Amino acid sequence: MRARLILLGVLSMCSMCFSQECNTEFLENVDFPGTDKQVLFSPDAAHCQHLCTQYSACQFFTFVRSDWTRDKRHFYCYLKSTPTGQPNRRTPLRGVTSGFSLKPCSPAPQPCLSKVYQNIDFLGADYQTFFTADYEGCQRACTQDPSCQFFTFVNNVFTPENIRNKCHLKFSWSIPQTPVVEATAGVVSGFSHKTQMSQMSDTACQGKLFPNTATQGNFIQSLPTAIAEHCLSLCSAHPSCTFFTFHSENFTCNLKNNQNEMVLRAQAGATSGIPERFCQLDTNWAKVPLDGIDFRSSVIRYVLMDDAETCQRTCTEDVNCQFYTYVHSSFHNSEYWRRCYLKRTITMPSPPKIAKLSNVVSGFTLRNCQGVV
């Protein structure tokens with residue numbers, strides 16, 4: 001049933017359609033028990049708060065600090081919501097910090113994460129390693145590499161000795177991913193015109209697409225995308241992607257890696273391509289509305305609009321919105337007519353796991369800190 005389009009993950013989102021006040025306060029040793037929507041990893045409460053701000057369903061959070069002693073959980077970031085937008089309970093609990101989403105505060109789309117973390121390891125997501133004299137050199141390398149979102153540096157007293165002064169550059173998605181893409185009559189979807197889809201560069205480039213062509217290679221990741229150009233942007237952002245294939249029949253973008261050869265074969269409905277690096281891809285495709293396509297889930301809120309054009313402008317003007325879905329009066333269920341669903345996914349640096357480890361230093365790229373005093 002195509003009615004799932006907005007019903008799944010959106011019925012609960014009707015609770016998000018109220019206004020909240022901006023609340024930046026951290027509540028030390030206070031737990032907001034229950035109502036978890038997602039669990040991610042953060043090095044501190046401030047990072048957890050930014051994750052909550054970017055996660056569509058999050059209204060408040062509880063972060064498990066490094067001084068937590070009840071079990072082995074550390075650096076857990078619990079993203080939460082309720083129909084009222086407020087925690088059902090607030091209970092004292094040593095070792096945790098709680099707080100609220102910054103969505104009502106007009107937050108920066110990509111926050112500056114300048115703090116470094118001693119004796120904390122950002123595990124996984126490595127794509128390149130080399131040796132540097134200190135963590136500052138490792139962070140500079142991460143900042144200058146468009147693919148790097150965070151790093152871990154092994155210092156000069158680490159054991160074993162043979163990996164001392166080693167810098168690990170790590171990747172996470174900085175380009176919005178549409179979690180579910182479906183063909184659905186009566187809706188139109190698209191992107192905010194302010195959504196960053198490519199590396200910032202003074203050099204323009206087009207990318208290379210091969211229509212009705214598939215590729216063979218080592219599989220990296222499969223992502224839902226509506227068109228091949230979005231798939232090209234994703235492949236260009238991933239440091240391990242050497243080429244891709246987009247399948248239009250199921251809106252799937254398959255990222256692949258083979259540094260030795262690129263084997264092409266004819267296949268109807270498939271579009272393959274080669275990524276571009278260190279340049280500004282043409283992203284005019286992201287300004288074109290996609291009729292009959294639903295970007296299901298990841299809803300921040302919905303508002304009533306008279307047309308899809310107004311919905312698109314509303315998304316562009318909302319700092320939290322990355323993409324949208326608008327429901328026309330031709331949709332089979334009149335209950336959803338004229339709804340403009342504003343949506344987003346997490347695009348800030350997000351380590352897949354965080355743990356304590358002596359004699360390492362971890363941190364984030366400083367690209368988002370330019371001009372920040």
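The values are calculated or read from the model by the stated rules, or taken from the named source; none is laboratory data. Quantities reported herein were computed from a predicted structural model and do not represent experimental measurements. Cβ coordinates were reconstructed from backbone atoms using ideal geometry, including for glycine residues, and neighbour counts include every protein chain displayed.
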Somewhere in the stretch 155-173, is a residue more than 30 Å from PHE295 (Cβ to Cβ), aliphatic (A, V, I, L, M) and without any contact (Cβ under 8 Å) to a residue 40 or more places away in the chain? yes
Answer yes or no: is there a residue in the stretch 202-216 that is assigned to a strand (DSSP E or B), surrounded by fewer than 18 Cβ atoms within 10 Å (Cβ to Cβ), touching a residue at least 60 places away in the same chain (Cβ under 8 Å) and in contact with a Cys (Cβ under 8 Å, 6 or more places away or on another chain). yes
Over the stretch 343-359, the set of residues surrounded by fewer than 19 Cβ atoms within 10 Å (Cβ to Cβ) and among the small types (Gly, Ala, Ser) is ALA355, SER358
Pair list, Cβ < 8 Å and 6+ apart or interchain, from the stretch 63-77 residues that are more than 18 Å from GLN49 (Cα to Cα) and in contact (Cβ under 8 Å) with a residue 12 or more places away in the chain to residues that are in a strand (DSSP E or B) and β-branched (Val, Ile, Thr): TRP68/VAL96
Residue check: is SER362 surrounded by fewer than 21 Cβ atoms within 10 Å (Cβ to Cβ) and either part of a loop (DSSP other than H, G, I, E, B) or modelled with pLDDT of 95 or more (or both)? no
Test: PHE244 is assigned to a strand (DSSP E or B), in contact with a Gly (Cβ under 9 Å, 6 or more places away or on another chain) and buried (at least 22 other Cβ atoms within 10 Å of the Cβ): yes
The condition of being buried (at least 21 other Cβ atoms within 10 Å of the Cβ) and outside any loop (DSSP other than H, G, I, E, B) holds, among CYS340, CYS321, only for CYS340
Which of the following residues is modelled with pLDDT of 95 or more, buried (at least 22 other Cβ atoms within 10 Å of the Cβ) and over 30 Å from MET305 (Cβ atoms): GLN149, GLN221, GLN128? GLN149
Sole residue being in contact with a His (Cβ under 9 Å, 6 or more places away or on another chain), among the polar types (S, T, N, Q), at pLDDT 95 or above and within 22 Å of SER298 (Cβ to Cβ), chosen from SER81, SER42: SER42
